[in-house]
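J.: One structure follows; several queries about it will come next.
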Amino acid sequence: MAQSESMLIGSWRTIAAGTSGLLLTTCFPNTSWTHVAWICLLPLLFAIRGQNGGRAFRLGFVCGLVHFATLLGWLNHTLVVYGHIPAVAGWGIVLLLVSYLALFPGLFAWWSSRVLTMPNWGKWSIPAAWVGLEYVRSTFLSGFPWELLGNSLYPHLGIIQIADWFGVYGISFVIVLVNVALYDVLSSFTRRGGDEVERRFAWISILTAGIVVVHVAAYGQWKIQAIQEIMDDAPSIDVMVVQGNIDQSIKWDPSRQQATVEKYLRLSRPLPPSNPPDLVVWPETAAPFYMGRNLGMTLLLKEGIHQTGSWFLVGSPYIQSEAGKSAYYNSAFLFDPEGMVRGRYDKAHLVPFGEYVPFQRWLPFIGKLVEEVGDFQEGDPGRVLRMNDHPVGVLICYEQIFPYLSRQACRNGAEVLVSMTNDAWYGRTSAPFQHFSMAVFRAVENRRALIRSANTGISGFIDPIGRIVQPTDLFVDAVSRSEIPLMRQETIYATWGDWFAWCCMAYTIGVVASSFWGYRPKKT
């Protein structure tokens, strides 16, 4: 009977942990139940209550497995359709990545199970630990900061304005803080043997969280007005983004190259012709040939740009040959209205197993998972291109999810950010929507407008407040045009970077050390 009861209790704890995993995923696109973020961790926190570290870790790992498997299921589509991997093998690769990512919620649960029984001050280390683990996930090895918890609130402009101080990590901290405060209140009334002191601490916890949220919202409203005034007085440029909607299966077919370039040039012609935009932006590798190496296609592109009379930013691969060796780059070329190249940005943060194979020296049997993508070399992070006297920061595809790249571009003087991507790999999954949502934070963190051009969508604009302007639909030929403010001020986040995440890690480590030094958790 006792064993049956123990199994039943274990089952509900596992289900609760898995429920938190599902709730976490529903916070993000396509579901976008963003308000669920404020309660998404409650089932996990109740599941680990009273559990030892090992059991808590396993419950957190279950939460992570469910969350990342449902969040990143779109990876299997890319592996099967474009990597030509059997579906079962594709899911096996996804499971390996998901299992690695699930370690972070596991560690979070392990620590939280210990801290939940500490005095109130110790519980601050729970949101701090979450932020620290997000930072490690974002930077360890190649890093994978895909949809951090704070990213889920991208539509809530009043909350996300603190990103210009704390980055997305500040929003993650506030969300977890509220989850813990709600847990404290609910737990104090449901725990057997709870006393008045515990309830008083619970109300202090919820009051503290409420004060933090009110201050965050007040700062957001004030900052929105302040940035709007700066935007109104700032110089601007007229920008057009072009979405060619080229099917990935034919993108690199040599017989389709000319048709692809002609289609993009046709979509780039302004209406009326007498009113050309200042800048036209094409997506990543929109020109599907090696710029300068294929002379016929390069000349066709330059002539088309000259006829349009605008500056152009065009994505194209590039080969640089020196001393008999060739280096391949995923690049963006800036053309002036005469069709002359005025600058080139080479992608600095490459996609593992897509654009290069990590640890190839030790893993020679592993190849790239996606065809038609070369072994690219890294460029210089944060390099800006100059359109007349206006520096432009470029992010190519995957680079958009890494805050340090846009931050470095802004510190190098970029007055506007441009994200060029090809999300055709993702098909009609949730990935294009997830990818687009993270771009909002690059705009807010640096107080720069962000121009986004995607081959099959989503293209559009994001202003320095984080408002999304003229987003396009997926898999349609589309053109969007908007006046974009050019901003120059430098934010605290752009200057100091991830200082808040480092503080969270230092605080957590300090609490961990003190807990093992002398504190012993109460048994419940």
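The values are calculated or read from the model by the stated rules, or taken from the named source; none is laboratory data. Every value quoted in this text rests on a predicted model; they were computed, and no experiment measured them. Cβ placement follows ideal geometry from the backbone for every residue including glycine, while neighbour counts extend to all protein chains displayed. Protein only, heavy atoms only, side chains kept; ligands, DNA and RNA dropped before computing areas. Shrake-Rupley method; radii C 1.70, N 1.55, O 1.52, S 1.80 Å.
J.: How big is the antiparallel share of DSSP beta bridges in the chain, given as a percent to the nearest 5?
T.: Values: 33 of 51 bridges.
So the antiparallel bridges amount to about 65 percent of the total.
J.: So if we plug the beta-carbon distance of TYR100 and GLU483 into 1/(1 + (r/R0)^6) with R0 = 45 Å, what FRET efficiency do we get, rounded to 0.05?
T.: Working: r = 44 Å, r/R0 = 0.97.
Using R0 = 45 Å, I get an efficiency of 0.55.
J.: Give me the base-10 log of I(q)/I(0) for region 208-318 at each q in 0.22, 0.23 Å⁻¹, Debye formula, one uniform scatterer per Cα, rounded to two decimals.
T.: Each listed q maps to, in turn, -1.16, -1.24.
J.: To continue, here is another question. Cross-chain or 8 or more residues apart, Cα under 25 Å: how many lysine pairs in the chain fit that? Count them up, please.
T.: Going through the chain pair by pair, I get 12.
J.: Another question, then. What does the extension gain come out to for PHE140 and ILE204, with contour length at 0.36 nm per residue minus their alpha carbon separation?
T.: Working it through step by step, the gained length comes to 19.4 nm.
J.: Right, another one. With a length cut of 18 Å (Cα positions projected on each helix's long axis) and a Kyte-Doolittle mean of at least 0.5, go through the chain and give me the DSSP H helices that pass.
T.: Numbers: long enough: 2-26 (36 Å, 0.48); 53-71 (26 Å, 1.04); 87-115 (41 Å, 1.49); 125-139 (21 Å, 0.39); 168-190 (33 Å, 1.73); 196-233 (56 Å, 0.42); 295-308 (20 Å, 0.38); 431-446 (24 Å, 0.22); 499-517 (27 Å, 1.27).
Helices meeting the span and hydropathy rule in the chain are 53-71, 87-115, 168-190, 499-517.
J.: Find the percent of Cα-Cα distances in region 137-275 that exceed 17 Å, and round it to a whole number.
T.: In whole percent, the long-distance tail amounts to 76.
J.: With unit charges on the beta carbons (Lys and Arg positive, Asp and Glu negative) and the dipole taken about the Cα centre of the chain, which residue among LEU186, ILE492, VAL281 sits farthest to the positive side?
T.: Most positive-ward Cα: LEU186.
J.: Where does region 417-524 land on Rg/Rh, using Cα atoms and the Kirkwood Rh?
T.: Values: Rg = 20.5 Å, Rh = 16.8 Å.
In region 417-524, Rg relative to Rh is 1.22.
J.: Working out 0.36 nm times the residue gap between VAL476 and SER514, then minus their Cα-Cα distance, what length gain in nm do you get to one decimal?
T.: The VAL476-SER514 span can extend by a further 8.0 nm.
J.: If I compute solvent accessible area with a 1.4 Å probe over the protein chains, what percent of it on the chain is carbon and sulfur?
T.: For the chain, the apolar C and S fraction of the accessible surface comes to 62 percent.
J.: Taking the square root of 5 times each eigenvalue of the Cα gyration tensor, what semi-axes in Å does the equivalent ellipsoid of the chain have, largest first? Mind dumping the intermediate values first?
T.: On the way: eigenvalues 404, 138, 70 Å².
Semi-axes from the Cα gyration tensor: 45, 26, 19 Å.
J.: Relative contact order (percent) for region 213-305, with alpha-carbon contacts under 8 angstrom and 6 or more residues of separation?
T.: Working: 62 pairs, mean separation 29.7, N = 93.
Relative contact order of region 213-305: 32 percent.
J.: Assigning unit charges at the beta carbon (Lys, Arg +1; Asp, Glu -1) and nothing else, what dipole magnitude in debye, to the nearest 20, does the chain show about its Cα centre?
T.: 1680
J.: Based on Cα positions only, what radius of gyration and what Dmax would you give for region 1-109, in angstroms?
T.: Values for region 1-109 (Cα only, Rg and Dmax): 15.6, 53 Å.
J.: Right, something else. Local charge sum around SER419 (other residues, Cβ-Cβ under 13 Å, Lys/Arg +1, Asp/Glu -1)?
T.: +1
J.: Computed over the Cα atoms of region 431-481, what is the ratio Rg over Rh, Rh following Kirkwood?
T.: Details: Rg = 10.4 Å, Rh = 10.9 Å.
Ratio value, two decimals: 0.96.
J.: Sort out for me the Cα centre separation of region 61-108 from region 209-284, rounded to whole Å.
T.: Their Cα centres are 31 Å away from one another.
J.: Please give the length that would be gained between TRP499 and ASP233 if that part of the chain were fully extended, namely 0.36 nm times their separation in residues minus their C-alpha to C-alpha distance (nm, one decimal). Please report the intermediate quantities before stating the final value.
T.: Values: separation 266, 0.36 × 266 = 95.76 nm, distance 3.07 nm.
Here the segment from TRP499 to ASP233 would lengthen by 92.7 nm.
J.: Continuing with the same structure: Note down the relative contact order for the chain as a percent, whole number, built from C-alpha pairs under 8 angstrom at least six residues apart. List each step's numbers first, then the result.
T.: Working: 1056 pairs, mean separation 83.1, N = 524.
Once normalised by length, the contact order is 16 percent.
J.: For GLU415, GLU303, give me the order by solvent-accessible area with a 1.4 Å probe, most accessible first, ignoring ligands, DNA and RNA.
T.: GLU303, GLU415
J.: Can you give me the Kirkwood hydrodynamic radius for region 56-146, using every pair of distinct Cα atoms, in Å to one decimal?
T.: That comes to 14.3 Å for region 56-146.
J.: Sticking with this structure for a sec: I'd like the FRET efficiency for LYS325 and LEU295, computed as 1/(1 + (r/R0)^6) with the beta carbon distance as r and R0 of 22 Å, rounded to 0.05.
T.: Numbers: r = 22 Å, r/R0 = 0.98.
With R0 = 22 Å, the Cβ-Cβ based efficiency is 0.55.
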